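Read through the structure below, which is laid out as structure tokens, and then see the notes.
Derivation of every value follows stated rules applied to the coordinates shown; laboratory data play no part. Since we're looking at a predicted model, the values are computed, not measured. No Cβ is skipped: glycine too gets one built from the backbone with ideal geometry, and neighbour counts run over all protein chains shown.
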Amino acid sequence: MTPILIAPSILSADFAHLAEQVQAAADGGGTVVHVDIMDGHFVPNMTIGPPVVKCLRKFTKLPLDCHLMIENPDQMIPLFAEAGADWISVHREAAVHLDRTLHLIKSHDCLAGVVINPATPVDTLSEVLDIVDYVLVMSVNPGFGAQAFIPNSVRKIRQLEEIRGTRRLNYRIEVDGGIAADTIPDVVRAGAEILVAGNAVFGHGDPRSNAQKLLKVASAATLQRV
Ligand code: DX5
Ligand code: ZN
């Protein structure tokens with residue numbers, strides 16, 4: 001069985017102490033660093049660009065999972081890859097030539113992911129599921145941390161899990177938005193393997209013990225998978 005990966009999202013971290021916060025989350029069992037890239041166009045918020053990814057790359061050996069919430073992703077993919085991204089995901093809704101974009105990511109030796117917003121059906125991915133390394137199901141509308149989990153995401157995760165089995169594909173399933181101790185059991189039982197958590201890790205208290213707690217809840221839920 002695929003182990004669950006906790007991917008702390010630095011969107012909710014204290015950017016003035018980013019390295020320490022990432023280290024604390026890693027000490028608590030975070031194994032992927034989720035980096036939210038927003039351009040103020042595709043989503044109504046702006047965050048960070050390649051220079052911050054470059055700094056993180058020097059600091060940590062953990063995979064850097066760059067979630068591009070931007071228009072014209074092809075333009076920026078080479079820059080993020082050169083800055084040290086290991087995984088790059090693009091939104092279905094933002095990629096006009098999705099097949100080309102996914103191959104562009106792979107040509108930079110990064111894992112390629114595709115992301116769907118809450119209103120985008122899983123069916124729209126049927127032609128690329130054999131190309132992608134992972135599918136990211138947004139369980140909130142992208143743009144901000146600490147929003148409420150949208151329950152319909154569980155059904156979409158289950159659908160992706162079933163398609164993977166039927167078509168004998170290998171993509172991993174990631175979920176992002178409103179992930180916390182109360183939502184983890186349902187998404188893990190449905191088939192999610194990479195759990196992005198921003199507010200639940202960095203929003204309050206100690207990131208180390210917060211990550212530890214999420215990993216514990218997730219591990220318990222894997223035993224209840226049907
Ligand atoms: C939202 C981002 C998420 C965000 C999740 O657009 O893609 O990665 O950090 O935040 P929480 O875990 O606080 O819902
Ligand atoms: Zn994200």
Margin query: Can you return the lysines within cross-link range of Lys58? Criterion is Cα-Cα under 26 Å, with same-chain partners fewer than 8 residues away left out.
Written below: Lys106
Notebook entry, point to check: Stretch Arg167-Ser219 to full length: gain in nm at 0.36 nm per residue minus the Cα-Cα span?
Noted result: 16.1 nm
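Would region 1-154 count as rounded, prolate or oblate if I go by the C-alpha gyration tensor, calling it rounded below 1.5 in a/c and otherwise prolate when a/b exceeds b/c, oblate otherwise? Write down the numbers at each step before the final one.
On the way: a/c = 1.43, a/b = 1.26, b/c = 1.14.
Note, shape of region 1-154 comes out rounded.
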Next item on the list: Can you spot the aspartates and glutamates whose alpha carbon is less than 20 Å from Lys156's alpha carbon? Ignore those fewer than 8 places along the same chain.
Entry: Glu93, Asp123, Glu127, Asp130, Asp133, Glu174, Asp176, Asp182, Asp186, Glu193
Item checked: Gaussian network model of the chain, springs between alpha carbon atoms under 10 Å - residue of Glu93, Glu193, Glu174 with greatest fluctuation -> Glu93
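Which of the helices in the chain, when you take each full DSSP H run, stretch at least 27 Å along the axis at their Cα atoms and have an average Kyte-Doolittle score of 0.5 or higher?
Details: long enough: none.
Helices meeting the span and hydropathy rule in the chain: none at all.
Can you give the FRET efficiency for Asn45 and Asp74, using 1/(1 + (r/R0)^6), R0 = 22 Å, r = Cβ-Cβ distance, to the nearest 0.05?
On the way: r = 21 Å, r/R0 = 0.98.
In this case the efficiency is close to 0.55.
Determine the gain in length on full extension of the stretch Ala181-His204; use 0.36 nm per residue of separation and subtract their C-alpha separation, reporting nm with one decimal. Intermediate values should be presented prior to the final figure.
Values: separation 23, 0.36 × 23 = 8.28 nm, distance 1.39 nm.
Full extension of this stretch gives 6.9 nm more.
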